[in-house]
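Here the structure comes first, spelled out in structure tokens, and everything after it is commentary.
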Amino acid sequence: MTAAGGLFSPQSRSLGLDQTEASPAVQQQITYAGTVSRSFAEGSELLDRLADLPVSAKQVERITRRIGAERVRERDAAVAAYQALPLAERFAAPAGVTPPDLAVVMADGGRLQILNRTEPAAADPPARPAPADAAGPAAEAWDEDPTPPGHWREDKVGLLLTMHSAVSATDPCPDIPPAFVDATRIPELARELSRLVKEPAAGAAADALAADAAPAEGAAYEPPRVGQRKVLASRRRWPTFAPVLAAAAWAWGFQGAARKAFVGDGSENHWRLQRRFFGSFVAILDFIHALSYVYAAATAGRPRAAGWACYREWIGWVWQGQVAQVLAALRQRQAELGPPEEGEPEASPRRVVARTLTYLGNQQGKMRYDEYRRQGLPITSSLMESAVKQVNRRVKGTEKFWSEDGAEALLQLRADQLSDGQVLEAFWQRRQEAATGQRRYRPAA
């Protein structure tokens, strides 16, 4: 007999069904809850309480991971298409895309725990032959992720920003803003970024700064305004993540922008990424990271009041782009203290001064902050730090353990969720339009 199914027109595709137990709308709700909440269990509770959907935590995990894996495949396909373009096209805006006036790229690393320590990071795609332009910066070796004992590993987060600002004939804020010379705020900020900054002593030393605790009035720095942002996140290694960031920036027309900036900290991987894929972007060292090094060196081995006075002078020079003066003062300080000896503690004044001298010397060409402000470019990566914290909120925790594939799926969905432009809404529409109504059976083993 003829199968009864052959007598009817399949409606699954027109209805957007994919032969799962949940409708597309319910899958979308489950995926959202599984991504925005702190855990799959919390997502299950949210669905039950707010949407009257009794979905187990395990089912929330399965659906969220499956949808995240689909987004990862979409992303990888877009990256492969970008890498297949001729070199000239990769460094120009794509047809039909209007480049922004100011394009900004940032990158940083987060932390999460991976349970299966022997599994390759996020199932990196097979190695591709080196591109024809691999000479020079492209051929540089990347620092591979360290594999320390335990479960903690690095995830990569990228941030693309379209921004708005004015170009000035002169530096619009030549005097350092009061916030950067606030004696109550800066020590805490510096300690957050550098383990070499010690807790200030209490008592008389603290009293000596009481009159300086309130910063003087001064002009406020107005950073560029954010237009749109796109977040990217992955457990892939830096050589694999870099094209992901580059492909997304290309799709937004960043290579054709009138003004372009790449802001990062001192990590060499960030600057390898910049040289390889964003060579025409102005390289800018995050001012706050520079500040933490300057504060550590200025206060190392000095009474607190004297160290603070030194910091105020040095950071004022850095703000005005006069890094050479700070380097000269550091060399003089090093001569007073002497070079560090073998086996000396990392936080000793001599090691702190030597490390700061090396750091600022290596980054000097990325610290022309007066010129960057004149051009209307950003000088801090605070928006990047915020994005990392927002990603970490979902994946980082002392009791959260991920497989590589599970982490990659969640990182992709979390990045999509934090991006402007209704990224996930567009994905669900594409997914529904492409639905065939056929169940995907796994081949027998």
Might you let me know whether segment 238-255 holds any residue that is assigned to a loop (DSSP other than H, G, I, E, B) and under 17 Å from Asp143 (Cβ atoms)?
-> no
Filtered residue count, segment 276-322, keeping only those that are within 17 Å of the chain's Cα centre (by Cα) and basic (Lys, Arg) = 0
Taking into account only those residues within segment 139-168 that are more than 30 Å from Gln417 (Cα to Cα) and within 24 Å of the chain's Cα centre (by Cα), which is modelled with the highest pLDDT?
-> Ala141
Go through the residues of segment 47-62 one by one and say whether even a single one is part of a helix (DSSP H, G or I) and hydroxyl-bearing (Ser, Thr, Tyr).
-> no
Is segment 283-305 home to any residue that is closer than 23 Å to Val97 by Cα, buried (at least 21 other Cβ atoms within 10 Å of the Cβ) and in contact with a Pro (Cβ under 9 Å, 6 or more places away or on another chain)?
-> no
Restricted to segment 343-375 and to residues being acidic (Asp, Glu) and either part of a helix (DSSP H, G or I) or modelled with pLDDT of 95 or more (or both), the residue surrounded by the most Cβ atoms within 10 Å (Cβ to Cβ) is Asp370
Given the residues Gln332, Gln325, Gln390, which is the only one that is in contact with a Phe, Trp or Tyr (Cβ under 9 Å, 6 or more places away or on another chain) and either among the polar types (S, T, N, Q) or free of Cβ contacts under 8 Å to residues at least 40 places away in the same chain (or both)?
-> Gln325
Only one of (1) buried (at least 17 other Cβ atoms within 10 Å of the Cβ); (2) touching a Lys or Arg at 6+ places or on another chain (Cβ under 7 Å) fails for Thr170. Which number is that?
-> (1)
Just checking, which of Ala257, Ala249, Ala242 is within 17 Å of the chain's Cα centre (by Cα), buried (at least 18 other Cβ atoms within 10 Å of the Cβ) and within 21 Å of Thr98 (Cβ to Cβ)?
-> Ala249
Six or more apart or on different chains, Cβ under 9 Å: which pairs go from a residue in segment 335-356 that's under 11 Å from Ala296 (Cα atoms) and in contact (Cβ under 8 Å) with a residue 60 or more places away in the chain to one that's surrounded by fewer than 11 Cβ atoms within 10 Å (Cβ to Cβ) and among the basic types (Lys, Arg)? Could you list them?
-> Ala347/Arg195
Take the residues in segment 112-135 that are within 22 Å of the chain's Cα centre (by Cα), surrounded by 13 or more Cβ atoms within 10 Å (Cβ to Cβ) and of a type outside the set (A, V, I, L, M), then tell me which one is modelled with the lowest pLDDT.
-> Asp124
State whether the residues of segment 404-419 include one that is at pLDDT 85 or above, assigned to a helix (DSSP H, G or I), surrounded by fewer than 16 Cβ atoms within 10 Å (Cβ to Cβ) and not aliphatic (A, V, I, L, M).
-> no
Those residues of segment 376-396 which are within 19 Å of Ala409 (Cβ to Cβ), surrounded by fewer than 22 Cβ atoms within 10 Å (Cβ to Cβ) and small (Gly, Ala, Ser), in sequence order = none
Taking segment 169-214 as the search range and keeping residues that are assigned to a helix (DSSP H, G or I) and small (Gly, Ala, Ser), which one is modelled with the highest pLDDT?
-> Ala179
What number of residues within segment 232-270 are touching an Asp or Glu at 6+ places or on another chain (Cβ under 8 Å) and within 17 Å of Met163 (Cβ to Cβ)?
-> 5
Note down all Cβ pairs under 9 Å where the first residue falls in segment 171-186 and is touching a residue at least 60 places away in the same chain (Cβ under 8 Å) and farther than 21 Å from Ala297 by Cβ, the second is surrounded by fewer than 16 Cβ atoms within 10 Å (Cβ to Cβ) and charged (D, E, K, R), and they're at least six residues apart or on different chains.
-> Asp171/Glu371; Pro172/Glu222; Cys173/Glu222
Subset of segment 38-51, residues under 17 Å from Phe401 (Cβ atoms) and surrounded by fewer than 19 Cβ atoms within 10 Å (Cβ to Cβ), comes to Arg38, Ser39, Ala41, Glu42
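The values are calculated or read from the model by the stated rules, or taken from the named source; none is laboratory data. Note that the structure is predicted; figures quoted are calculated from it, not measured. Note: ideal-geometry Cβ built from the backbone for every residue, glycine included; neighbour counts use all protein chains shown.
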